Each structure stands twice: as C-alpha cells, then as structure tokens.
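Just below is one structure, and these are the notes that go with it.
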Amino acid sequence: MSIKASLFLSAALFAVAAPAALLPAQAQDKPVTLRLGHWLPAQHPLQAGFTAWGAAVEKASGGTVKTQIFPAQQLGAAKDHYDMARDGVADLTYVNPGYTPGRFPVIAGSELPFLLANAKQGSAALDSWYRPYGQKEMSDVKLCLTWAHDAATFHGKVRISKPDDLKGKKIRPGNATMARLVTMAGGVNVQVAAPEARESLERGTADAITFPWDSLFVFGIDKVAKLHMDAPLYVSNFVLVMNKASYAKLSDNQKKAVDANCNTDAALALAGPWADVESAGRTKLRAMPDHEFVKPSDADMAAWRKIGDEMTKIWYDDVKKVGVDGEKALADLKAELKKRDSAAF
C-alpha cells in the first residue's frame with residue numbers, strides 16, 4: 001500500500017471513529033497548533049496515520065486545533081519521546097515503552113511471545129485493555145492511544161529457527177521484552193533504536209534484529225538482512241501521549257475534539273493501515289530471490305514457547321512490584337484478544 005493510499009484510508013477510518021456530533025467551535029476558541037514528535041522516517045506509513053489523526057482533530061475542533069508533525073527524531077532521540085511529552089518539549093509524542101526497560105512493566109505484558117495474531121483488532125484489544133492501567137503507569141502524561149505493530153520476527157545475517165541459534169549471537173531487540181528473551185536464550189543484546197538498526201548490522205555490531213516486515217524496507221534493512229525466521233514471534237506496543245499542560249490550555253470544545261480521537265476506535269484507525277502494509281512486506285520479501293525464509297520446526301516452536309512461559313512468570317513478578325495481579329491482567333488481555341478475534345495462542 002502506498003503512503004498516499006494509506007493516508008486516504010487512515011483519514012476515512014478516523015472519520016468513522018470520531019463522533020460527528022461534537023459542539024461547534026466557539027468564537028472565543030483560540031487557534032492552537034500541537035507539535036507531534038516521532039522518531040520514524042517521514043516515508044513510514046505511520047506518518048500518514050499521524051497526519052490523518054491530526055486532520056480528524058482539526059475537523060472535530062471546527063478548524064481551531066491543527067497539528068504540526070516532526071518526524072525522524074527532529075525534536076529528540078527515540079528513547080526520550082515519553083519525557084519529551086511529559087516535559088513539554090513536544091505537545092504529543094509517539095513512544096515505544098520498550099525502549100526504556102523496566103519503566104512501564106504493565107504494558108510490557110502485551111509484548112510476551114505469541115499473544116497477538118494481528119495488529120488490527122489486536123491493537124483495539126490492547127488499547128481497551130491498557131487504558132485503566134495506563135492512567136496509573138503513565139500518569140504524568142495524557143494517554144491518548146495504544147497500539148502494536150503487526151507480528152514480527154528475527155531478521156539478519158545468521159539463520160535463526162530455535163532459541164539455541166541465539167547463543168553467542170549479537171541481537172538488536174525491538175523492546176525490553178525481546179531483550180529478555182535474547183538473554184535467556186544465551187544471546188547478547190545490542191541496544192539501538194530502530195533508526196540505527198541498519199547501521200548496527202552493516203558494521204557487524206549486530207548479527208540479527210527483531211523487526212516487523214515492511215519496516216525492513218522503510219529503514220533500508222532489507223539490503224543487509226537476508227535471512228528471516230518465518231514465525232510471528234512478538235509485537236512491540238506503542239503509545240501516543242500528550243503533555244498535560246498542553247491539554248489543559250485547550251478550550252472545552254477543543255478538549256472534546258482531542259478526546260474524540262483518543263479512544264479505542266481511533267487506535268484501530270491508526271493501527272489498521274500500518275498492519276496491512278507490514279503484512280504486505282512479508283509477501284514482498286518472499287518474491288525476492290536473495291532472501292531466505294527459515295521455517296522453525298514443531299520442536300523449535302515448542303522451545304520458543306517454553307521460553308515464553310518462563311518470561312511470563314518473570315513478568316508476573318515484575319508487575320506484582322507495582323501492585324498488579326499479573327495472572328488476572330494477562331487473562332484479561334487474552335480475553336480481550338479472543339473477543340476481537342486477534343489471539344495467536
């Protein structure tokens with residue numbers, strides 16, 4: 001799917017997600033421009049998604065709230081985007097909670113292996129499940145949206161089909177949960193954000209990475225990673241968060257416009273087109289003769305799932321420290337995924 005087509009579809013979906021019966025803009029509403037910072041390149045499908053989200057807010061506010069987007073780490077490094085929203089460096093930011101290990105333990109539960117089958121309804125399930133937890137875990141910002149990328153896997157210069165293949169290998173993980181998996185399997189983590197992933201492979205500081213499929217093309221990683229484990233191992237979750245002071249300065253009508261686009265329907269609208277693009281990337285790679293898909297055997301998959309079970313137990317301990325019943329929280333997430341037909345288990 002082209003960026004233009006993705007933008008058109010995103011705008012259409014947000015138009016459906018946002019209620020049409022919001023109050024008209026009042027004469028006293030002061031025009032506002034919200035700065036939205038993210039760390040993806042401008043050609044990434046989410047650029048179109050953020051543009052459509054901003055357009056939906058602008059329409060709902062009667063044209064008084066506009067959004068200016070700053071891609072490619074223009075306002076700060078990828079790992080700093082949560083703090084940028086908290087501190088007002090940007091009004092809104094796109095955050096990968098997994099870039100700051102241990103800071104957001106509850107949302108990390110959705111990154112456990114083999115949970116989400118797809119990022120469409122899976123993202124809606126994730127957003128619905130995390131909202132009550134996020135009010136506490138991310139209390140120093142306004143949590144707007146939560147979603148995930150499509151199911152992802154290992155890509156690199158070495159063949160990976162089972163956990164033993166990670167022993168002694170240098171792996172760039174997509175989040176802290178995958179970093180834990182790499183460590184448990186005997187690998188060595190190379191901690192770099194997505195924009196630096198290609199360079200780590202080219203320089204040999206990483207043997208493989210975890211990444212969704214089409215994003216390999218967006219970041220140019222398809223040029224250096226030719227071997228791909230053919231299994232939907234994990235997802236990374238993301239949030240769109242807003243500076244509390246920026247939200248407080250809005251008029252009541254403008255707040256309603258933002259709130260109308262900070263809900264589960266809006267999360268689905270943002271995640272859906274990107275999920276389609278990532279899924280198509282896998283098909284695109286299959287047609288390229290210089291790329292090899294490595295299919296894990298049943299025994300290999302059983303070994304991955306065994307590590308996943310061990311990781312789940314550790315996660316239970318992690319969230320217990322912040323007063324959350326991990327078994328109940330994970331059961332609730334699985335129930336939400338099943339309800340939305342997006343469970344991989």
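Note on the chain: with charges restricted to the Cβ of Lys and Arg (+1) and Asp and Glu (-1), its dipole about the Cα centre is near 160 debye.
Around the amide H of ALA151, modelled in the peptide plane, lie the amide H atoms of ALA119, all under 5 Å away and 5 or more residues distant in sequence or on another chain.
Per-residue 3J(HN,Hα) values for the stretch 245-258, derived from phi via the Karplus relation 6.51 cos²θ - 1.76 cosθ + 1.60 with θ = phi - 60°, read 5, 4, 5, 5, 6, 6, 6, 4, 5, 5, 4, 4, 5, 5 Hz in sequence order (x marks Gly and Pro). Counted by Cβ distance under 14 Å from LEU116, the other residues give a net charge of -1, where Lys and Arg count +1 and Asp and Glu count -1.
As a length-normalised measure over Cα pairs under 8 Å and 6 or more apart, the relative contact order of the chain settles at 26 percent. Taking amide H as placed 1.01 Å from N in the peptide plane, the amide H of VAL32 sits under 5 Å from that of VAL65, LYS66, each at least 5 places away or on another chain. With Cα atoms defining each centre, the stretch 272-345 and the stretch 57-94 are spaced 29 Å apart in the structure. Phi-derived couplings, Karplus 6.51 cos²θ - 1.76 cosθ + 1.60 at θ = phi - 60°, listed residue by residue for the stretch 125-140: 5, 4, 4, 4, 5, 7, 3, x, 6, x, 4, 8, 5, 10, 6, 8 Hz, with x used for Gly and Pro. For the residue pairs LYS223/LYS284; LYS244/LYS328; LYS79/LYS157, alpha carbon separations beyond 22 Å are given by LYS244/LYS328; LYS79/LYS157. Each peptide in 59-66, 314-321 gets a packing score, the mean of other Cβ atoms within 10 Å over its residues, and the list from highest to lowest is 59-66, 314-321. Taking the charge dipole of the chain about its Cα centre, with +1 at Lys and Arg Cβ atoms and -1 at Asp and Glu Cβ atoms, the residue from PRO71, ALA56, TYR133 reaching farthest to the positive side is PRO71. Can you give me the angle between helix 264-286 and the longest principal axis of the chain, using Cα atoms only, in degrees from 0 to 90, rounded to the nearest 10? Taking the Cα atoms of the chain, the angle to 264-286 is about 40 degrees. Picking from ALA85, PHE345, THR312, whose Cα lies most toward the positive end of the charge dipole for the chain (charges on Cβ: Lys, Arg +1; Asp, Glu -1)? In the chain, that residue is ALA85. For the pair the stretch 129-155 / the stretch 202-264, the C-alpha centres are spaced 10 Å from each other.
Which net charge results for the neighbourhood of PRO97, defined as the other residues with beta-carbon distances under 15 angstrom from its beta-carbon, given Lys and Arg at +1 and Asp and Glu at -1? The answer is -1.
Just so you know, all these numbers are worked out from the coordinates, no wet-lab data involved. Here the structure is a predicted model, which means the values were calculated and not measured. Positions of Cβ are generated from backbone atoms using ideal geometry, with glycine treated the same way; all protein chains shown enter the neighbour counts.
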